[in-house]
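Okay, structure first, notes after.
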Amino acid sequence: MRDYLTAMSDFDYQRAVSHSLHGDLTALNACVECCDRHALPGRIALFWEGRDASSASYTFTELQTHAARFANFLLAQGVKRGDTVAGLLPRNVELLVVVLASWRIGAVYQPLFTAFGPKAIEHRLNSSGAALVVTDAANRPKLDDVNDCPTIVTVSGPKGQGLVRGDYSFWAELERYPAVCEPVMLNGEDPFLLMFTSGTTGPAKPLLVPLKAIVAFQAYTRDAVDLRAQDAFWNLADPGWAYGIYFGITGPLSMGHPITLYDGPFTVESTCRVIKKYAITNLTGSPTAYRLLIAAGDAFSSKVKGQLRAVSSAGEPLNPEVIRWFAEHLDVTIHDHYGQTEIGMVLCNHHGLGHPVHLGAAGFASPGHRIVVLDEHHQELPVGQPGILAVDRSQSPMCWFGGYQGFPTKAFVGNYYLSGDTVELNPDGSISFVGRSDDVITTSGYRVGPFDVESALIEHPAVIEAAVVGKPDPERTELVKAFVVLSPHYLGDAQLAETLRLHVRQRLAAHAYPREIEFVSELPKTPSGKLQRFILRNQEIAKAEQAANARATA
């Protein structure tokens, strides 16, 4: 284990990152870094587990061959360097092939979460200008409702099940093309991923991730996750999201380490099965997943105790009781990690670095980052004063975020990137998370932009206006709650509320629909007509506190 201060001052380490920041890394290709370099005889890249307990494994060499074939198919479709290839795919080998093939020809991969509905998919595809989208039979019907949908490739079932006339069949096309495709070499500033991040005042915004970010992804995987050669690793996050694609695929594969993908819904039974079957020793996930596992009690702990060496948590603040439970019942340390789609993981309790760990603290700045706390005037604050977490970009060679594609941002102020999250500096240099200062809702580990939910609600003829906020919830961190102003022709009853919930769930995603809907006559607004979500959010926080106090005194 490296000491934290040693890691922060490692000259060779920082020099390599600095070269990356300034675009000095040339002749780079993400497929080469994450596949070709590790394509040694018999070296496993992927352990795959199906929901029915079926399983398979794939070597780096097999993935290299499949990726080269699909890359040649992409070239035949006119996809070229810098173009976007989207994937609306579950956690299976085809997803990895599409990712690696896109990177091989210098294209940019765009992940689409499979729980998205047509509206969310359409916005992202139209914004990215994707040249092609790959999906499977289960998700293919959603694309019928997407306007201006690009060329579609379908991973079809037996006898072409799910294949629509005009689609390309994934595996059939692979067989038609040669297994050799020369990788397109790029530099550190060239993009290889196109991500979308939820916003509070508009639709989800796109951002390009440059190749130099792989250095930061690998460093996090090494220093914070402490992924070792002898580890069996499983990241529970879906690759349709940043944490899954950054640190469930790119980080470990770039280290030549095999990954685990489970293609099925999260359950305690399936989690125990995968941990035991693949002898998982290093696990990452969200506090929501861990709370659900804890709720199972002995049904979980008795099956995996003694199995796990290191457990990491990301997506939302980690509850101290979760840390205590894992220590007491599993005899394993679980560490909290903080990051964003825009900047990766920048504040962590590092498994792989020696430093003090305090309950409630998000940890120390990741090596290669200088993290500070700023006041409202963007001046750095001393210990004990809450302010906005910011990255000092002038002294953070690992920081790769350059802004949103086609969207201005107020997050850059001088040398600082403002996270929008409220934190506090501790005497030992660690930083504790206080709360979020924006309107983005964190529910079950997912970040939900209220604008998207409001837009979906307003599509329904019964709805005139809507405001969406996060309501405090002990299990999910927050529930998505909607305040709805109805057309006079509709009655705000339980039946209509359920209709609206199902409408949003079908149009957006299973995690994004409002679990609670309150019908109101008007919404709080500024004199200029701008919606004031914070008033509604504060009302829900006050109600939650009153309820908690009532339970405590009962």
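The values are calculated or read from the model by the stated rules, or taken from the named source; none is laboratory data. These numbers were taken from a predicted model, which means no experiment stands behind them. In this analysis, Cβ positions are derived from the backbone assuming ideal geometry, glycine residues included, and neighbour counts consider all displayed protein chains. Just so you know, the surface numbers come from the protein's heavy atoms only, side chains and all, with ligands and any DNA or RNA stripped out. Shrake-Rupley method; radii C 1.70, N 1.55, O 1.52, S 1.80 Å.
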For this session: Report, by residue number, each residue of region 66-79 that is in contact with a Leu (Cβ under 8 Å, 6 or more places away or on another chain) and open to solvent by 10 Å² or more (accessible area, probe 1.4 Å).
Result: HIS66, ARG69, GLN77
Exercise. Taking interchain pairs and intrachain pairs at least six residues apart, which have beta carbon atoms under 6 angstrom, with the first residue in region 197-212 and closer than 14 Å to VAL453 by Cβ and of a type in the set (A, V, I, L, M, F, W, C) and the second in a strand (DSSP E or B) and at pLDDT 90 or above?
Worked result: ALA204/PHE196
For this session: Kindly indicate which of ARG551, ARG501, ARG537 is assigned to a helix (DSSP H, G or I) and either among the small types (Gly, Ala, Ser) or open to solvent by 80 Å² or more (accessible area, probe 1.4 Å) (or both).
Result: ARG551
Problem set entry | Unmet requirement for LEU491, which otherwise passes all of (1) part of a loop (DSSP other than H, G, I, E, B); (2) in contact (Cβ under 8 Å) with a residue 24 or more places away in the chain | (2)
Exercise. Which ones in region 222-245 are under 22 Å from THR197 (Cα atoms) and either among the hydroxyl-bearing types (Ser, Thr, Tyr) or assigned to a loop (DSSP other than H, G, I, E, B) (or both)?
Worked result: LEU236, ALA237, ASP238, PRO239, GLY240, TRP241, TYR243
Exercise. Considering region 383-415 alone, what residues qualify as being open to solvent by less than 70 Å² (accessible area, probe 1.4 Å), more than 29 Å from ARG124 (Cα to Cα) and assigned to a loop (DSSP other than H, G, I, E, B)?
Worked result: GLY384, SER396, PRO397, GLY414
For this session: Answer with yes or no whether ARG507 is more than 25 Å from LEU292 (Cβ to Cβ), basic (Lys, Arg) and touching a residue at least 24 places away in the same chain (Cβ under 8 Å).
Result: yes
Seminar exercise, completed: Of the candidates GLY129, GLY82, GLY117, the one satisfying the condition of being of a type in the set (Gly, Ala, Ser), in contact (Cβ under 8 Å) with a residue 60 or more places away in the chain and surrounded by fewer than 20 Cβ atoms within 10 Å (Cβ to Cβ) is GLY82
For this session: Could you check how many residues of region 473-496 are of a type outside the set (D, E, K, R) and either more than 32 Å from the chain's Cα centre (by Cα) or surrounded by fewer than 17 Cβ atoms within 10 Å (Cβ to Cβ) (or both)?
Result: 12
Exercise. Just wondering, is there one or more residues in region 359-375 that are more than 27 Å from ALA289 (Cβ to Cβ) and either of a type in the set (Lys, Arg) or open to solvent by 50 Å² or more (accessible area, probe 1.4 Å) (or both)?
Worked result: yes
Exercise. Take the residues of region 419-458 that are modelled with pLDDT of 85 or more and open to solvent by 40 Å² or more (accessible area, probe 1.4 Å): which is nearest to ILE535 (Cα to Cα)?
Worked result: ILE458
